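In what follows, a structure is listed as structure tokens, so that the remarks can point back to it.
Taken together, the values in this text are just the output of simple stated rules run on the coordinates, not laboratory data. Values in this document were obtained by computation on a predicted structure and should not be read as measured data. Note that each Cβ is placed from the backbone with ideal geometry, even for glycine, and that neighbours are counted across all protein chains shown.
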Amino acid sequence: MIAAFVLATSPAALAREPSSHVTATTSSPANLSLAYNTQTDLSFRRGLQIRLAWTGDYSGPFSGMIAAPTLRAIRDFQARHGMQADGVISEVMLQQLISLSDTVQQDLGVAMVDDGATGARLALPLKLVSDRGRTEVGNLWRAEDGSVEVETVRISDTGQTLAGLYETLSQPTAKRSVLDSEKAGDWFTVAGTEAGRHYFMRFAGSGPDLRGFSVSYPEKAVGDLAPFVTVASNLFEPFAGEPSAPLVAENADKPFSAMLAHRRATERGETRYAMADGGEAGAGSHMFELPRERRYGKAAIEPAQGVSPQPGTPAFDMAGSGFVVADGWLLTNAHVVRGCRKVEVGANVPASEIRIDADNDLALVHVNSSIGTPLAISATKPRLGEDILALGFPLRSILADSLNVTRGNVSSLLGLMNDPRYLQISAPVQPGNSGGPLVDLAGRVVGVVTAKLDAVAVADATGDIPQSINFAIRPDAVASFLHKNGVAFRTADPKAALESVPDATAKVKDAVYPVVCTD
């Protein structure tokens, strides 16, 4: 890390040699970027970004590419210290930047540490925290007064995926806010507040091996810790070495969420511990705790409904799916459209009327336009073990906007706790699948996708991770709802021949639409 922090080349020459370097006449943002990127070493540019991060002026990646964010950070530093904010680094600025960034690092006692528990390498503020030893998922470093914590985590060979973990951790809960989240191909970050404290976590994945770390600190430490978080996130090396043991995987007999939720109690006491702000929290409190408001039983079902869009996309409250059942009418779930100020179908076609049956989680959406051929509803429930397809538009802000099809079978003719309104299915569903049709290989609608099992809540209660347990509303409940609302629907031919998955999909795909609830 020390080598990375050293500014290898002084950019003072940029202001002194007009023949080949930056001058006042070439100090436009585009020219400055070009000059930095072509006339300085990569090590200098990365070091510049790191040092600007330490002073709190830069929060982007340490890519070594000098673009608008880095130029803005240079100008901010110059303006804060009474210099001409032109983006050109003078010798005076360079020396002050080095001095201030060194001071910040020294005050925190920052060092790169190899964590034997997870195999990761990470920056630690060793003047603030000390090693408190192993947890069930990694290692913990904490301040004497409990105000600052840094924790590593490894999740291996449990079936958990990076995308699945991100989906869970990036969703706020009643106790934890999510103020920022970002996901790339093999890593993600999530930041927010919980119980009056700030937290930041970063995870990376290599196949079934997920490794990450978190930082947790009180409001009063934001000024000191925010720059550290930026640097620590960028310098984190999740797969720097081999872990000493296959954490989590070796404890497969324990509830997954419990392993994430409970650290060793030797430092905190058996039941409670004091927070730095004078409050208390349970010994099970954990930076990587997954949402556990729901418990085993009916409340363990969670809607397969919408997902918040990424920055820069329309601000939909939720998004689901629906399918045509009659001229101008689509069927979806009540939880997709309930409480919406405005509902739109497909390519921003507004709904003119909505009818809801909250008890059975069904809704009809009417649009004043032609929306395709209605799908035929099966007059009978499907057979146990029958092959089925779930169609819909899951995770539209993350996955492609096109129709998604997953295959499975009917696992049970009853829902959770023997609820007769539901079928249990093994076809994978995600947020956004709610309201989509469940069809058999003849293209008959045999259900409406409505929910997936809250695997974390069930694992917490039973000690085992449930897999491929999702739910759909049975076709007889659908038919009853349509009859009550006077909607004439097509009844499927019970003797229709079964076809291949592509052929069955082709028969129904044009009648399935995204349904969005605008704020």
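How much net charge surrounds A376 when only other residues with a Cβ under 10 Å from its Cβ are counted (Lys, Arg +1; Asp, Glu -1)? Mind dumping the intermediate values first?
Details: positive: R444, R490, K507; negative: D493.
Value of the local net charge: +2.
If r is the Cβ-Cβ distance from A163 to S468 and R0 is 22 Å, what FRET efficiency results, to the nearest 0.05?
Numbers: r = 16 Å, r/R0 = 0.73.
Efficiency at R0 = 22 Å is approximately 0.85.
Bin width 10 Å, origin at 0, all Cα-Cα pairs of segment 110-267: what percent of pairs per bin? All Cα pairs considered, the percentages come to 11, 42, 40, 7, 0.
You can think of it this way: the chain between R338 and R407 has 22.0 nm of extra reach, that is 0.36 nm per residue less the Cα-Cα gap.
Between L179 and S370, the modelled label-to-label distance comes to 5.3 nm, taking each label 7 Å out from Cα in the direction of the beta carbon. Measuring r between the beta carbons of K220 and T103 and using R0 = 25 Å, the FRET efficiency lands at 0.80. Note that segment 46-100, at 25 °C in a medium of 0.890 mPa s, gets a Stokes-Einstein diffusion coefficient of 225 µm²/s from its Kirkwood radius over C-alpha pairs. Put simply, when 40-52, 172-184, 414-426 are sorted by average Cβ atoms within 10 angstrom per residue, most first, you get 40-52, 414-426, 172-184. Using a simple spin-label model with pseudo-atoms 7 Å out from Cα toward Cβ, H483 and M65 lie 6.2 nm apart.
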